[in-house]
Every structure is written in C-alpha cells, then in structure tokens.
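Notes follow the structure.
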C-alpha cells in the first residue's frame, strides 16, 4: 500500500479503533451484569459492606476492598495495581490483625475486570475447593496463620489435602506425619505457642524420635517461603533422607540447610560418609541413641 492509499484509509482505521473500544466497553457491561448475578444468587453470603465486598465462606470470612477496584476501573494508568489483596478473617468474626492473600483465578489476565472480580468472589464462596488447588499457596498460608493446624474449620479440608500429598495429620499428638525413604518417618509438630513454626523430628522403623529442627521459622531453609508451600516441604521429606545424599539447587530445598543435613548424618551413616567424602564435615555418630541409623 502506497502513502496515498494509507492516508485514504485513515478514517477506516479510526473507526476500527473506536469499534474495538466500544466492543471492550460492551464486554465490561456484560461482565458487570454477570457479577450482579453472582450477588443475586448468593444474597446471604455475598454483599457490599461499608468499604468492602463481603464474602462468607465455609472456612473463613473474606473482605475485598472496594476503593482500589473502583480506582483501577476509573483510570488504570493512574492507579496501576495488581489484583486486590483479600482480607482473611476467622469465621468467629472480624479481627483487626487479619491475614491477607492474593487470589488469582486461572485466566484472570485475559478476562474483563468485572469477570475477574466475579471469579474471585465465586472462588471464595467455594473456599474448600480453592484450598485444594496447589497454586493457592498464599491463600492456604493465610488460613494457617489464622487458625493454626489444630482442630478448626480447616480440619476436614486440611486432612484431605495432606492425604493427597502422601501425609496425614495426628490431631491428638499435634503433628503432621510424613513417610520418608528407607523406613524413615518425619514429624512436623505444631501447637506450641513458644515455637515459631514446626518442630521437625524423625524416627526409623517407628523407633526413638530425634529432633532435627527445633523451630522451622528460625531456619532460612524452612521459613516463610518453603513452609508457605507446605505441600512442597512434604514432597521433599517424602524423598528424605535419600535425597539428602545429593541435594539439588532448587530454591526452597530443605537439603540446603547444613544444620539439618548434619543432624541427619549423626544418625544415618550413608549421609555421614557422603559428607565426609566431600570434606563437608567429620560427623560424630550417635550410635547409642540410634543403632538403626547405620542401615541403608
């Protein structure tokens, strides 16, 4: 197309541009109507409060601030932001020191804004299903920070979630039990208000318990990011202690904790020999405490 023809079609291009804007506006109008229908279908569990969209879930109460949503629609360039953070409150009632989570439904970046808000609301109304989605790590973490791991509205869904990842919860003893390799069992003990995070223990063939990490939140390899993805930690413990022989460089790998590996090496000869071969350390083996630790 030559210059004259290009100039001659300028009006058509302008009309096409304006048509695309009108179509986008129509999509938003349709999406707003869909959002309205979500409110109509759930009058007892979804409503507008003084400053928030209020969602009453099965696991918790949720609030989505309205002001940043309206600002984003009014002028997305002047008010650039990610999806609004969702406040997470216990079912017992609203609290000042609430937790927050980022809820991003699949395909949210490709939908009109009101459709995304509708999807978030519907996901939170079905929060038990949302909890089971592997990608919802910050959501689960916010709920864990709200309730802990003991008996709570999370108990049933947490039990099922752990089962799907090869672990189980023992509420009587306050621990998550994970079968590891070479007849080991790992125990993430919870419920002590003076312990930040978990106490990590192990046993071999249900023998004596040993403590490897006395407070996971105080160890960088076990702290916020890895424990936030508790399914990731369970997966790593299921492969341990075998995986500790050749720890990889993946971010959040608990095998990076030298103190943890050393504590395992003291009761498991294969790891002790591997660490000594690499001249990482000379390990004193505690045979009196764990004679079974010599077995591969």
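Every number here is computed from the coordinates shown, using simple stated rules; none is lab data. All figures in this text were calculated on a predicted structure; none of them were measured in a lab. Neighbour counts run over all protein chains shown; Cβ positions are idealised from the backbone, glycine included.
Brief remarks on what is shown
- Burial ordering of 70, 136, fewest other beta-carbon atoms within 10 Å first: 70, 136
- For the residues 238, 205, 140, a GNM of the chain with alpha-carbon springs under 10 Å puts the largest fluctuation on 205.
- Comparing 37, 152, 257 in a Gaussian network model of the chain (Cα springs below 10 Å), the most mobile by mean-square fluctuation is 37.
- Semi-axes of the equivalent ellipsoid for the range 10-131, Cα gyration tensor, largest first, Å: 31, 15, 12
- Cα-based helix-to-principal-axis angle, 113-125 vs the chain, degrees rounded to 10: 40 degrees
- Relative to the longest principal axis of the Cα atoms of the chain, the long axis of helix 155-164 lies at roughly 70 degrees.
- Comparing 40, 122, 279 in a Gaussian network model of the chain where C-alpha atoms under 10 Å apart are linked, the largest mean-square fluctuation is found at 279.
- Each of residue 102 and residue 16 was given a label point 7 Å from its Cα along the Cα-to-Cβ line. The distance between the two points is 3.6 nm.
- Per residue of the chain, the DSSP helices (runs of n ≥ 4 H) give a summed -39500 (n - 2.57) that works out to -12000 deg cm²/dmol at 222 nm.
- Degrees, to the nearest 10: 230-239 long Cα axis against longest axis of the chain: 40 degrees
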